[in-house]
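K.L.:
Attaching a single structure in structure tokens format; questions to follow.
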Amino acid sequence: MDAWEFETLLYTDQVVRWSTLRRVGGVIDVRASGTDEVAVAAAFAAACAQAVDRARDPGKYGDEG
């Protein structure tokens, strides 16, 4: 089962920013932050979609050695 953590209190001075990161062991972190709640929610959905794609095709993101 996939688990997603969304930290709603982590905001920056930017309207929105998001990222995914593969950690050692294959865990993919998904992060979204910003000053606009709607934009952050949309960015989080985009980041989750990228995380799924990244898990399915790690070479596309340079995750394979």
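K.L.:
Take the Cβ-Cβ distance between Ala55 and Val24 as r, set R0 to 25 Å, and report the resulting FRET efficiency rounded to the nearest 0.05.
P.N.:
Working: r = 15 Å, r/R0 = 0.59.
Once rounded, the FRET efficiency stands at 0.95.
K.L.:
Moving on to the next point. Multiplying the sequence separation of Arg17 and Ala45 by 0.36 nm and subtracting their Cα-Cα distance, what value in nm do you get?
P.N.:
Working: separation 28, 0.36 × 28 = 10.08 nm, distance 1.20 nm.
Difference between extended and current length: 8.9 nm.
K.L.:
Based on the mean of other beta carbon atoms within 10 Å per residue, what is the order of 36-43, 53-60, most packed first? Walk me through the numbers before you get to the answer.
P.N.:
Numbers: 36-43: 15.1, 53-60: 12.8.
The packing order, highest mean first, is 36-43, 53-60.
K.L.:
Sticking with this one: Below 15 angstrom from the Cβ of Glu64, what's the summed charge of the other residues (Lys, Arg +1; Asp, Glu -1)? Walk me through the numbers before you get to the answer.
P.N.:
Details: positive: Arg22, Arg23, Arg54, Arg56, Lys60; negative: Asp53, Asp57, Asp63.
Net charge in that neighbourhood comes out at +2.
Every number in this text was worked out from the coordinates using simple rules, so none of it is lab data. All of these numbers come straight from a predicted model, not from anything done at the bench. No Cβ is skipped: glycine too gets one built from the backbone with ideal geometry, and neighbour counts run over all protein chains shown.
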